[in-house]
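Engineer: If you scroll down you'll find the structure; I have some questions about it.
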Amino acid sequence: MKRNSKDVDASHGKMTRRALFLGGLQLAFAGGLAARMRFLQVDQADEFRLLAEENRINIRLLPPARGQIFDRNGLIIAQNSPSYRITVVPEDAGDVEDVIAKLANLVPLDPEDLERARTEMRRSPPFLPITLADRIGWEDISKVAVNAPALPGVTPEVGLTRVYPQLGDFAHVVGYVGPVSDYDLSKMKDPEPVLMIPRFQIGKVGFEAKREDVLRGKAGAKRVEVNATGRVMRELDRREGISGADMQLTIDAGLQNYVQARLGQESAAAVVIDCEDGDIRAICSSPSFDPNLFVRGISVADYRMLTEDKYRPLSNKTVQGTYPPGSTFKMITALAALEEGVIGPDETVWCPGYLKVAGRRFHCWKRAGHGHVDLNTSLKRSCDVYYYDVAIKTGIDNISAMANRFGLGIKHDLPMSAVAQGITPTKDWKASSYGKDWLIGDTANASIGQGYMLASPLQLAVMSARIATGRSVTPRLLKSLDGVEQPSGAGEPLGVSETSLRMVRKGMYSVSNDRRGTAYRSRIIGDGMRMAGKTGTSQVRNITAAERAAGVIRNEDLPWERRDHALFVSFAPYDNPKYAVAVVVEHGGGGSKAAAPIARDVMLQALYDGTPPLEAYPKADRSRIKAQQERLERERVKRPLGSRSSRA
């Protein structure tokens, strides 16, 4: 069919438009392709040249800065210090042993560190850096940096490591950090990736371990470009981690330092609690150790020396150690008897030197007896027979319930390792623990803090603070978290009669201030500073009938580990209690001889916030105390307290 000219022109115009459209698309595509090729071949030439040389991108975790720990006045207790180290990435190194041999020609490598590094390589993914040398100098770092092309996979780095400037003063409180071990990882359900970094440090014991959740922080990451030999060519980008929270403890580092020095090399423990708010001002276990030894892994020789010491320096005796409280428990027996109406302030008990219970004689410490004894005299002279008598009338369940109200037999919630609960026995407790009935003789033993009764120095300090205030004072160790004040431990009224408390406090006052009191020689002079206290001596062995017949062997004549423990609890000032102190000296003998003098010195140091004047001591003691103060000051100078930080 013949088409007319109009149809031909229309068809031609349509084809021309299509051709132009398609041509435009082709031109745009070709232009875009040319622009992309120019971008890739010219603008990105350097990057692709590096990639063509077998470069690759690595993502590496950045360990977060651990939160620092301060005392109540802002003094640094645990800090982070820069540390130079040399690491190797096994998969980048190729022949690792050959690289190590080359590195050893440049810098000294410790054989123990190398063995540890090889162990880490076997258990870690090949792309993770392994530390070959730590705590090295700048000169060695420079040698490694200059020779980097010949050391594939080796990188000199600067990181942070934990340092404890107060040495042993806070070892049992703060604890220490150490490298993550397989055992640590096995206890975690889903460990964070940062924990897989070899020698990453986490809290092992003490406060460091208990508050690991907030001290650790969150890891960051960086993207780096490395060449075929594993050498870092450049850092592409970085995301910084989140530092751990800074912590401020309630402890006064100056007082802590003094108490640790005052305990000396005794196997002992001392706790100072603020009666107003429950703040722990000092909590010391002796002997102590240097926690810095554990940060990078303690040597076998150093660890053996600590574990084989009969005084157990690694044990935190303040919260972990439990001891028969001895006569320091007599206030609890008295309060239970008073609240049950068993005794009154003027009622007396006859003490001939023993009390016959169920056919057995329970002896008083004074073989000749004390005669007629009332409550005040029973505490002042620590008569045992008085408490045998009133305890049997009161009942063990009532006595144990009263002990619980005053903080004994309670596991106090403190961020410290192995906090013990102690034991305040009851009839049901013995039946469930031993499958035996409670005996009346058990009550007699418990009444003077012997038998099954066990308490820690911390619990004894809490007991003293509660007697002093009549409130459920709760021990507090953490003062603030990242500047946020933590709840006070002031506590609510215990619900114990103020009359009963007043009578017990008066008896404790007589212990330290009456000439016939068992702690009179360790009194504080000055009406505004008078101390109320109670001595205690707890047996660690049974005295046989033969020994009693022949005259009981003196503690001084026994091997150290068979001697009695010495205890003393106190609060001061008597009229307005500010501090409560508890001291336990393992195998120290009598509480009045070994523990009371330490507690008196510690109490005065706390009350005066520093070295007390000699006028606070009895005249007969002042020359000895002066020499002691000078000696302790010299010893404390050897362990400088460091510097304060404005962050706390």
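Engineer: Residues in the stretch 570-604 that are assigned to a helix (DSSP H, G or I), in contact with a Pro (Cβ under 8 Å, 6 or more places away or on another chain) and not aliphatic (A, V, I, L, M): how many?
Structural biologist: Quick first cut of the stretch 570-604, residues assigned to a helix (DSSP H, G or I) only: 591-604.
Checking which are in contact with a Pro (Cβ under 8 Å, 6 or more places away or on another chain) leaves us with 604.
From what is left, the residues that are not aliphatic (A, V, I, L, M) are none.
Counting residues in the stretch 570-604 that are assigned to a helix (DSSP H, G or I), in contact with a Pro (Cβ under 8 Å, 6 or more places away or on another chain) and not aliphatic (A, V, I, L, M) gives 0.
Engineer: Now, a different point. Go through the stretch 605-619 and give me each residue that's in a helix (DSSP H, G or I) and touching a residue at least 40 places away in the same chain (Cβ under 8 Å). Please lay out each step first, then the result.
Structural biologist: To start, the set of residues in the stretch 605-619 that are in a helix (DSSP H, G or I) comprises 605-607, 614-616, 619.
The answer is 605, 606, 607, 615, 616.
Engineer: Shifting gears a bit: I'd like the full set of residues that are of a type in the set (S, T, N, Q) and under 21 Å from the mean Cα position of the chain (by Cα), limited to the stretch 384-430.
Structural biologist: Looking only at the stretch 384-430, we keep the residues that are of a type in the set (S, T, N, Q), and these are 394, 398, 400, 404, 417, 421, 424, 426.
If the condition is that a residue be of a type in the set (S, T, N, Q) and under 21 Å from the mean Cα position of the chain (by Cα), then 417, 421 are the ones that fit.
Engineer: What residue, among those in the stretch 271-314 that are free of Cβ contacts under 8 Å to residues at least 60 places away in the same chain and small (Gly, Ala, Ser), is surrounded by the fewest Cβ atoms within 10 Å (Cβ to Cβ)?
Structural biologist: Only one residue tops the list, namely 301.
Engineer: So in the stretch 56-102, with the set limited to residues that are farther than 26 Å from residue 236 by Cβ, aliphatic (A, V, I, L, M) and over 25 Å from the mean Cα position of the chain (by Cα), which one is surrounded by the most Cβ atoms within 10 Å (Cβ to Cβ)?
Structural biologist: Pass one, the stretch 56-102, residues farther than 26 Å from residue 236 by Cβ: 66-81, 95-98, 100-102.
Then drop every residue that is not aliphatic (A, V, I, L, M), which leaves 69, 75-78, 96, 100-101.
If we keep only those that are over 25 Å from the mean Cα position of the chain (by Cα) too, we end up with 96, 100-101.
Details: 96: 22, 100: 18, 101: 11.
The selected residue is 96.
Engineer: For the structure I just gave you, tell me whether residue 268 is assigned by TED's automatic domain parsing to the domain that holds residue 395 and crowded, with 18+ Cβ neighbours inside 10 Å. Before you say what the answer is, go through the steps one by one.
Structural biologist: On the way: assigned by TED's automatic domain parsing to the domain that holds residue 395: no; crowded, with 18+ Cβ neighbours inside 10 Å: yes.
When the stated conditions are applied, residue 268 does not pass them.
Engineer: OK, next. Of the residues 353, 359, which is closer than 30 Å to residue 395 by Cβ and in contact with a Cys (Cβ under 6 Å, 6 or more places away or on another chain)? Steps first, please.
Structural biologist: Values: 359 fails: in contact with a Cys (Cβ under 6 Å, 6 or more places away or on another chain).
That would be 353, the only listed residue that is closer than 30 Å to residue 395 by Cβ and in contact with a Cys (Cβ under 6 Å, 6 or more places away or on another chain).
Engineer: Select from the stretch 147-196 the residues that are surrounded by fewer than 20 Cβ atoms within 10 Å (Cβ to Cβ), of a type in the set (Lys, Arg) and not in a loop (DSSP other than H, G, I, E, B) and list them in ascending order.
Structural biologist: none
Engineer: Follow-up. Across the stretch 541-592, what is the number of residues that are of a type outside the set (D, E, K, R), at pLDDT 70 or above, exposed (fewer than 12 other Cβ atoms within 10 Å of the Cβ) and more than 21 Å from residue 406 (Cβ to Cβ)?
Structural biologist: Residues that pass the stated criteria total 1.
The values are calculated or read from the model by the stated rules, or taken from the named source; none is laboratory data. Here the structure is a predicted model, which is why all the values come from computation and not from measurement. Virtual Cβ from ideal backbone geometry, glycine too; neighbours counted across all protein chains shown.
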